[in-house]
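To start, the structure under review is shown below, and the notes come after it.
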Amino acid sequence: MNYQEALELTSKYGQQHLLQYYDSLSDSEKASLLSQIEKLDFSLLSLLKENSGTQNRGAFEPLGALTVDEIEENRSEYERLGFEALKEEKVAAVLLAGGMGTRLGFDKPKGMYNVGETRELYIFECLINNILDVVRVTGHYMYLLVMTSELNHEDTVNFFREKEYFGYDPDYVRFFVQDTAPCVGYDGKILLEEKGKIAVSPNGNGGWFTSLAKAGLLDLLNAHGVEYISVFGVDNVCQRINDPAYVGAMLKSGRDVTAKVVRKADPNERVGVLCLEDGRPSIVEYYEMTDDMIHLKDENGNLLYNFGVILNYLFRLDRLTEIMNDQIPVHIVEKKIPCLDGNGELQKPESPNGYKFEYLVLDMIHLLSSCLPYEVVREREFAPIKNRTGVDSVESARALLVENGVTL
Ligand code: UTP
């Protein structure tokens, strides 16, 4: 794209200010700015006007889970089914590692954080160890696709290489970069981070499927005969990934997706709860729940909206491919976005100053027709690292790792 074309394109959307410093840039900065403009998804801007990023919610109903007791009763059958699929290499996993991890306040990719105390033990390493547990019992590797962002891709790939993939077979690992979306001020103008650099951010944890497909990895999975694909966050160092019983329960259920869930620690716990919305699987956020919903109980005294999601899902790849051809909604989220002010000076705002566009995994769940909530024991599988200390922190995760026999 040349300057004239960029000017026409930006003018069409009222964004010609993106070129205001063009003349002051070096040749390479000019070329870079033009290529950033060429890649921008301007269609997102229309959502701001329509405000169609906000969703109207339907009627919620509880959705019961396959409980830990039920899983134990059927474990041998589930494991047998799961083993078969894993041995035939029909299952793959996607690690979502494209987030900014701002709450942890660590300047490298979150997975590079060392949770060890007497030895090195990185978050990435914990996750790989958990998958290797499955590889060891099935005797087969599964494809592990690692989603990075433009901001952390190089560091992530180099780290895996340097650490020799923590013992995983590199032939079964692929990295792909998550798409970005522009950051926009309250006036609808796309923000500049530098005179030749547009402010963009990763497009949310639901951006993975499209980015994976763009990187040619959907073709790879299909060619390999993969039928089930799980996604999991980088935060949770204790989660089991595609363990045979989980995979087997999915197969046995015939549902489109399985979601690992934990029983709420208390009715007001701030987790998204799996339920039905207008008859389809859905996740209701804690702040969207009415008081009634929060406290409703069944005849045995259990909360009806009782199962919180932990960002660990297993999808049928064919069903996922179908729904991703439909339009997955975009959320418009207010954020603090560092950007140039009217004088071309970089400002780091203390409070939100604009919008980011995000796709969310939970919308994928809602587009599917059926979901199996699969209960896991919180003390075994839920140790998210969001903060340094306190709730969901390095401290709480370390305690749980130790409780589960991991030497730190
Ligand atoms: P979070 O919602 O915790 O976001 O991500 P975050 O960016 O990592 O952390 P904060 O909020 O800035 O502290 C949940 C999971 O989704 C991934 C993250 O890497 C994490 O595994 N994620 C999130 C992406 O891969 N891409 C995104 O755009 C957002």
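List of remarks:
- Per-residue Cβ neighbour rank within 10 angstrom, fewest leading, H17, H331: H17, H331
- In the chain, a dipole from Cβ-located charges (positive for Lys and Arg, negative for Asp and Glu) runs towards its positive end, and of G342, V137, G354 it is G342 whose Cα lies farthest in that direction.
- Histogram of C-alpha separations across the range 142-209, 5 Å bin width, %: 4, 15, 19, 19, 14, 12, 7, 6, 4, 1
- Expected 222 nm ellipticity per residue - DSSP helices of 4 or more, -39500 (n - 2.57), all of the chain, to 500: -9000 deg cm²/dmol
- Check: the range 62-146 dipole with +1 on Lys, Arg Cβ and -1 on Asp, Glu Cβ, in debye: 460 debye
- Each label was represented as a point 7 Å from its Cα along the Cα-to-Cβ direction; for Y13 and V68 these points are 4.9 nm apart.
- Loop-located GluC sites (Glu not before Pro) in the range 82-118, at most 16 other Cβ atoms within 10 Å (DSSP): E88, E117
- Euclidean distance of C-alpha centroids, the range 310-385 and the range 1-70, integer Å: 15 Å
- Its convex hull of Cα atoms gives the range 16-106 a direction-averaged projected area, equal to a quarter of the hull surface, of 13.9 nm².
- Rounded to the nearest angstrom and listed largest first, the equivalent-ellipsoid semi-axes of the range 293-400 from its Cα gyration tensor are 34, 24, 15.
- Positive-end extreme of charge dipole, the chain - chosen from P182, L25, L218 (charges on Cβ): L25
- log10 of Debye I(q)/I(0), alpha-carbon scatterers only, for the chain at 0.06, 0.08, 0.13, 0.14 Å⁻¹: -0.26, -0.46, -1.20, -1.36
Read-outs throughout are calculated quantities, based only on the coordinates presented, and are distinct from any laboratory measurement. Since the structure is predicted, the reported quantities are computational estimates derived from the model, not experimental observations. Glycine also receives a Cβ, built like all others from the backbone with ideal geometry; neighbour counts cover every protein chain displayed.
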